[in-house]
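The values are calculated or read from the model by the stated rules, or taken from the named source; none is laboratory data. All values derive from a computational prediction rather than experimental measurement. Don't worry about glycine lacking a Cβ; one is built from the backbone with ideal geometry, like all the others, and counts go over all protein chains shown.
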Amino acid sequence: MQHIVIIGATSAMAEHCARLWVHASPVRLTLVGRDEARTQRVADDLRVRSPQSDVQVMTTDFVNAAAIAQTVNAIVARAPVDVVLIAHGALSDQATCQDDVLACDAALQVNGVSPVLFAEAFAKPMVAANHGTIAIIGSVAGDRGRKTNYVYGAAKGLVARYAQGMQHRLAHTNVKVVLIKPGPTDTPMTSDLKAKGQKMASVEQVAQDIVKGIAAGKPVVYTPGIWQIIMLVVMHLPRFVFNKLNI
Amino acid sequence: MKAVSAWGRLSDDLHDVQVLTDRTQVTLVMAAHQPGLAFGNGRSYGDVGLNPQGHLWHTTGLNKLMSFDEATGHLVCEAGVLLRDIQRLFVPRGWMLPVTPGTQLITVGGAIANDVHGKNHHAVGSFGDHVLRLTLARTSGEVLQLDWSTAPELMSATVGGLGLTGVVVSAELQLRRVGSPWLQTETLPYQGLSEFFELADASERDWEHTVSWIDCLSGPSLRGIFMRGNHLSQAQAEARPSLRAALAAQQRKASGKALAMPFVPPVSLVNGLSLKPFNLAYYQLQKLKSGLDVAHYEPFFYPLDNLQHWNRMYGPRGFYQYQSVVPREGGEAAVQAMLDAISASGEGSFLAVLKTFGNREAKGLLSFPMPGVTLALDFPNRGERTLKLFERLDAIVREAGGRLYMAKDARMPRDLFEAGYPRLSEFIKHRDTGISSAMSRRLMEY
């Protein structure tokens, strides 16, 4: 059985990826979350969906480097890892981050530093085994800083630049690094946007793209695919045009 | 605020939407945003699921399965799980929901709140007959664990209770064994209502599923298509090697992109010009298919689920569905009178369904099914003239001692509601005072 590890397993995207994985064939799953009870509920759901899968739950502090290192060591000791999906994050409120440096720090830690530390911790044993895929969920928000969410965007930009460097480093190995950049997706994290009526991609569709992208080992996965074109345009808008936009 | 429409697309009023995602947090959301109403996948037609300018608690984020017992077939799941997801997961494992309506794109909570029925009502009753236990959240902050032996009254108020007794957070359902995803089907053209009743009665004993399509414009020489089906056992399915390839094709179709009605046409595509030729063509096509066949459960049970947004077909003004049930005694005359009234009005639709219910009372105080015959028709909304026709149909239903289906209704008058649902006064006692819908305000005190 494949051993798949999901960091931030209570995120709706991660949960739907897990559903697709257990549906395809029984897997060994390690779900890592912050909240034991919530992570356990995700595990129970997956066990009903796939009684043959082996689903384990672990909790850790996502913004503590020592705890991250310890957690990853424990997971790798359980079984060699085939895929790790690093999916945690929190859509931080830009206004709050501008107002409160502590909130800004928390947003940068959980969305930027923490995923990078997890990836780095998994890379060591995976490179040693010369096998596996490290997938990290970034965001289209990381492609160009915008006034409406640049703190979150900066954290995701950190993840993107890190993934790029890892891909360079591991180019000639059997370890793949996949950076996923979802557009706005209908998840609990964005329920405020949904309540305001914003159109968003379904989490099922995004999860399908992620699972496919990981299976193919694609370096960068935009989902839905249209965001690749949208962000290409956004990134190349000259500053005098961009600064007039209210986005 | 967000514009929300029901399936009939008769309105698109603004709602203050709260998204429920964590079953342990439901009472907190309810307490902070009330009065409100639970909203599932938006497949009910009228105003039963709407609360214009008020709070709407979306439940589709409550989509976790909680436990399944392979020995007993007891499934516990959150109320926002779609019936489709249960079917697709469990049919390959030899289990299935005992009751599903004509679409599987509804939530478990919606199926309970409307006590939905299927083509096998005469054999197994309605959805509520297979609900073993419920977790009900009330705006008071209480979370109640209900079952039929310890809380029979609140159970029967909640099953078919239109979401007005609380929010169903999770439910324990009894699944039934099924040997294969296939059904042995038989298609029989018929003429006239008495032939329909003969077929329905003759099929009741030996066929689990029965339904019929009628041409509502065919006048006195009524024509229709009677369809019946039985599940194939594993051995019967394996005896037909061609089904293996057919199953692969069905799975490709199910996982591929469904056809969709891409936009709302400026006028209803169902109209006086299109209806007659459409019905004639459909009748002739089905007639060609008459006889025995084998069908996968998805196209047999949910023929329209493959055309996304089919409700757009009726144009910008939306449509009504009028579904009534009348007792068998006098039922034939009542159905004939309704068909005559529809035919004379020139209104009517392609989606006309006639089915007999079994001789059993539903468990819910406001459940729709009762012994008798049910007729369901869609009508494009043409304003006053459509409503005038409904008044004529109402008179026939009232006279026959029947009732209308709340999950479809957007306009029934209060006296017809009260006459059709004699247990209303028992129900009222169990309402959650922090819950209100457009329908409850229209037909009850608040």
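Side notes on the structure shown:
- Scanning the stretch A:1-20 for residues that are within 12 Å of chain B (Cβ to nearest Cβ), of a type in the set (Gly, Ala, Ser) and assigned to a helix (DSSP H, G or I) returns A:Ala12, A:Ala18.
- Every residue from the stretch B:6-27 that is within 14 Å of chain A (Cβ to nearest Cβ), closer than 21 Å to A:Thr190 by Cα and not basic (Lys, Arg): B:Leu14, B:His15, B:Asp16, B:Val17, B:Gln18, B:Val19, B:Leu20, B:Thr21, B:Asp22, B:Thr24, B:Gln25, B:Val26
- Residue match in the stretch A:47-67 (condition: among the charged types (D, E, K, R), touching a strand residue (DSSP E or B) at 6+ places or on another chain (Cβ under 7 Å) and within 14 Å of chain B (Cβ to nearest Cβ)): yes
- Among (1) in contact with a helix residue (DSSP H, G or I) (Cβ under 9 Å, 6 or more places away or on another chain); (2) part of a loop (DSSP other than H, G, I, E, B); (3) within 13 Å of chain B (Cβ to nearest Cβ), the one test that A:Gln208 misses: (2)
- Only one of B:Tyr297, B:Tyr283 that is crowded, with 16+ Cβ neighbours inside 10 Å and over 26 Å from B:Ile86 (Cβ atoms): B:Tyr283
- Qualifying residue in the stretch A:35-42 (condition: in contact with a strand residue (DSSP E or B) (Cβ under 7 Å, 6 or more places away or on another chain), polar (S, T, N, Q), in a helix (DSSP H, G or I) and under 26 Å from A:Ala69 (Cα atoms)): yes
- Members of the stretch A:26-46 found to be touching a His at 6+ places or on another chain (Cβ under 9 Å) and either on the phi > 0 side of the Ramachandran plot or within 14 Å of chain B (Cβ to nearest Cβ) (or both), listed by number: A:Gly33, A:Arg34
- For the stretch B:39-59, the candidate set comprises residues that are among the aliphatic types (A, V, I, L, M) and under 22 Å from A:Gln198 (Cβ atoms); within that set, the residue that is farthest from the other protein chains (Cβ to nearest Cβ) is B:Leu50.
- Here A:Arg146 qualifies as modelled with pLDDT under 95 and farther than 13 Å from A:Leu91 by Cβ.
- Under the condition of being in contact (Cβ under 8 Å) with a residue 24 or more places away in the chain and within 14 Å of another protein chain (Cβ to nearest Cβ), the residues counted in the stretch B:28-38 number 3.
- Of all residues in the stretch B:60-73, exactly one satisfies the criterion of being within 7 Å of another protein chain (Cβ to nearest Cβ) and within 21 Å of B:Ser5 (Cα to Cα), namely B:Gly61.
- Those residues of the stretch B:358-368 which are farther than 30 Å from B:Ser268 by Cβ and in contact (Cβ under 8 Å) with a residue 24 or more places away in the chain, in sequence order: B:Gly358, B:Asn359, B:Arg360, B:Ala362, B:Lys363, B:Gly364, B:Leu365, B:Leu366, B:Ser367
- A:Val203 vs. criteria buried (at least 21 other Cβ atoms within 10 Å of the Cβ) and closer than 30 Å to B:Leu20 by Cα: yes
- Of all the listed residues (B:Ala71, B:Ala111), the sole one being of a type in the set (Gly, Ala, Ser) and more than 12 Å from the chain's Cα centre (by Cα) is B:Ala71.
- Among residues of the stretch B:14-68 being of a type in the set (S, T, N, Q) and farther than 28 Å from A:Gln40 by Cα, the one that is surrounded by the fewest Cβ atoms within 10 Å (Cβ to Cβ) is B:Gln53.
- Restricting B:Gln250, B:Gln236 to residues that are under 30 Å from A:Gln205 (Cβ atoms), assigned to a helix (DSSP H, G or I) and among the polar types (S, T, N, Q) narrows the list to B:Gln250.
- Odd one out for A:Val32 among (1) assigned to a helix (DSSP H, G or I); (2) in contact (Cβ under 8 Å) with a residue 40 or more places away in the chain: (1)
- Just one of the numbered conditions (1) of a type outside the set (Asp, Glu); (2) in contact (Cβ under 8 Å) with a residue 40 or more places away in the chain; (3) buried (at least 20 other Cβ atoms within 10 Å of the Cβ) is not true of A:Val42: (2).
- The single condition among (1) within 13 Å of chain A (Cβ to nearest Cβ); (2) in contact with a helix residue (DSSP H, G or I) (Cβ under 8 Å, 6 or more places away or on another chain) that B:Phe90 does not satisfy is (2).
Conditions tested, residue by residue: (1) in a loop (DSSP other than H, G, I, E, B); (2) β-branched (Val, Ile, Thr); (3) in contact with a Ser or Thr (Cβ under 7 Å, 6 or more places away or on another chain).
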| site | (1), (2), (3) |
| --- | --- |
| A:Val63 | yes, yes, yes |
| A:Ala69 | no, no, no |
| A:Ile75 | no, yes, yes |
| A:Ala119 | no, no, no |
| A:Arg144 | yes, no, no |
| A:Met166 | no, no, no |
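- Residues within the stretch B:92-134 that are farther than 24 Å from B:Thr356 by Cβ and small (Gly, Ala, Ser), tallied: 4
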